[in-house]
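The values are calculated or read from the model by the stated rules, or taken from the named source; none is laboratory data. Please read all numbers here as calculations on a predicted model, not as lab measurements. So basically every Cβ, Gly included, is an ideal-geometry build from the backbone, and we count neighbours across all protein chains shown.
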Amino acid sequence: MAAKKVEKEAEKKVKAKATKAAKDTKAAKDTKAAKDTKDTKAAKAKATKADKDKAAKAKATKADKDKAAKAKATKATKDKAAKDKADKDKAAKDKADKDKAAKDKAAKDTKAKATKAKAKATRAKKAKAKKAKVVTTSGKRKTAIARASVKAGKGRVRVNSKPIEILTPVLARRKAMEPLVIAEAMNRLAKVDINIRTNGGGIMGQTDAIRTAIARGMVHYNGGAEGIDEELKDEYLRYDRSLLVNDPRRKEAKHQLGRGARKKKQKSYR
């Protein structure tokens with residue numbers, strides 16, 4: 001009985017030991033399985049994390065690339081815009097320079113034309129002044145001769161370099177100024193100057209020669225135009241023909257048998 005009991009206890013112990021070994025084996029297996037599962041999960045998580053990291057890195061790389069591409073595109077756009085602006089500014093500057101050059105050339109041409117026109121006008125004016133009408137006439141009375149020069153002026157009349165207004169005597173002055181009074185009344189005197197030189201004869205002879213020279217000069221001057229002043233001529237002839245025609249009368253020479261041209265020696269017998 002005791003042997004059986006010992007045997008039973010030994011079997012129990014063996015069985016317990018086997019059970020424990022089985023449990024330990026199972027626990028080891030479970031632990032190993034759990035560890036494997038955990039390792040698998042960790043590896044899987046690690047792989048997932050690596051994939052995620054790789055994806056994130058790829059995304060970041062792509063973002064960087066996109067950013068770089070965008071920056072490059074932006075830079076290219078800016079460069080193109082800057083180049084276009086530079087080209088536009090250059091074109092505008094070239095156009096402005098061209099316009100300025102054209103304007104300067106036009107101004108220069110205009111100035112040259114103006115200078116040329118001015119020179120031409122000056123030459124024409126000089127030629128006109130050079131070709132301005134000057135009339136020289138003369139008048140005679142007995143042995144007195146007066147030569148008058150009529151040209152454009154301001155209405156000044158001089159006799160032997162003195163104003164005719166102070167010619168003496170008064171009677172001679174009034175007679176010499178007769179053609180001037182008529183010409184002034186017909187608006188012919190204000191734009192002429194008359195210079196008169198006299199020689200020979202006496203005071204009244206020179207006076208008649210002066211009035212004839214003045215009247216002839218005014219008629220032939222005709223305001224600086226061609227031909228003669230018919231209206232003024234008719235007025236002079238109407239007033240006094242001797243204003244335009246020299247008086248041919250002379251003192252008759254002394255004859256023999258007397259003290260003068262006609263006076264004879266008288267006798268009281270026959």
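Just name the residue that is farthest from GLN206 (Cα to Cα) out of those in region 226-246 that are in contact (Cβ under 8 Å) with a residue 40 or more places away in the chain and in a helix (DSSP H, G or I). Break it down into steps so the answer makes sense when it comes.
First, the residues of region 226-246 that are in contact (Cβ under 8 Å) with a residue 40 or more places away in the chain: 229, 231-232, 235-236, 239-240, 243, 246.
Next, only the ones that are in a helix (DSSP H, G or I) stay: 231-232, 235-236, 239, 243.
Numbers: GLU231: 26, LEU232: 23, GLU235: 23, TYR236: 19, TYR239: 20, LEU243: 13 Å.
By that ranking, first place goes to GLU231.
Mind listing whichever residues of region 196-208 are in a strand (DSSP E or B) and closer than 14 Å to LEU167 by Cβ?
So in region 196-208, the residues in a strand (DSSP E or B) come out as 196-199.
Result: ILE196, ARG197, THR198.
This table checks each residue for (1) in contact (Cβ under 8 Å) with a residue 12 or more places away in the chain; (2) among the basic types (Lys, Arg); (3) out of contact with any Leu (no Cβ under 6 Å at 6 or more places or on another chain).
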{"position": "GLY202", "(1), (2), (3)": "yes, no, yes"}
{"position": "GLY205", "(1), (2), (3)": "yes, no, yes"}
{"position": "THR212", "(1), (2), (3)": "yes, no, yes"}
{"position": "PRO248", "(1), (2), (3)": "no, no, yes"}
{"position": "LYS254", "(1), (2), (3)": "no, yes, yes"}
{"position": "LEU257", "(1), (2), (3)": "no, no, yes"}
{"position": "GLY260", "(1), (2), (3)": "no, no, yes"}
Please tell me if LEU189 is outside any helix (DSSP H, G or I) and surrounded by fewer than 11 Cβ atoms within 10 Å (Cβ to Cβ). no
Tell me whether region 248-270 contains one or more residues that are out of contact with any Asp or Glu (no Cβ under 7 Å at 6 or more places or on another chain), aromatic (Phe, Trp, Tyr), farther than 17 Å from LYS142 by Cβ and exposed (fewer than 14 other Cβ atoms within 10 Å of the Cβ). yes
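Just a yes or no: is a residue in region 209-222 over 21 Å from SER138 (Cβ atoms), assigned by TED's automatic domain parsing to the domain that holds LYS151 and assigned to a helix (DSSP H, G or I)?
To start, the set of residues in region 209-222 that are over 21 Å from SER138 (Cβ atoms) comprises none.
No - not one qualifying residue is present in region 209-222.
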Unmet criterion (only one of (1) on the phi > 0 side of the Ramachandran plot; (2) over 54 Å from the mean Cα position of the chain (by Cα); (3) in the same structural domain as PRO163 (by TED's automatic domain parsing)) for TYR239: (1)
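Do we find that ALA92 is at pLDDT 85 or above and farther than 30 Å from ARG249 by Cβ in this structure? Step through it out loud before you land on a result.
Numbers: at pLDDT 85 or above: yes; farther than 30 Å from ARG249 by Cβ: yes.
It is true that ALA92 is at pLDDT 85 or above and farther than 30 Å from ARG249 by Cβ.
Just to verify a result, which residue in region 204-226, among those that are among the hydrophobic types (A, V, I, L, M, F, W, C) and touching a strand residue (DSSP E or B) at 6+ places or on another chain (Cβ under 7 Å), is surrounded by the fewest Cβ atoms within 10 Å (Cβ to Cβ)? Don't jump to the end; show me each part of the working.
Here is the first cut: in region 204-226, the ones among the hydrophobic types (A, V, I, L, M, F, W, C) are 204, 209-210, 213-215, 218-219, 225.
Still in the running and touching a strand residue (DSSP E or B) at 6+ places or on another chain (Cβ under 7 Å): 209-210, 213-214, 218.
Numbers: ALA209: 29, ILE210: 31, ALA213: 29, ILE214: 27, MET218: 30.
Top of the filtered list is ILE214.
Look at ALA183 and say whether it is more than 19 Å from ARG147 (Cα to Cα) and in contact (Cβ under 8 Å) with a residue 24 or more places away in the chain. Full working, then the answer.
Working: more than 19 Å from ARG147 (Cα to Cα): no; in contact (Cβ under 8 Å) with a residue 24 or more places away in the chain: yes.
Considered against the rule, which asks whether it is more than 19 Å from ARG147 (Cα to Cα) and in contact (Cβ under 8 Å) with a residue 24 or more places away in the chain, ALA183 comes out as no.
ILE194 - would you say it is surrounded by 12 or more Cβ atoms within 10 Å (Cβ to Cβ) and within 46 Å of the chain's Cα centre (by Cα)? Lay out the reasoning, then the answer.
On the way: surrounded by 12 or more Cβ atoms within 10 Å (Cβ to Cβ): yes; within 46 Å of the chain's Cα centre (by Cα): yes.
The answer is yes for ILE194.
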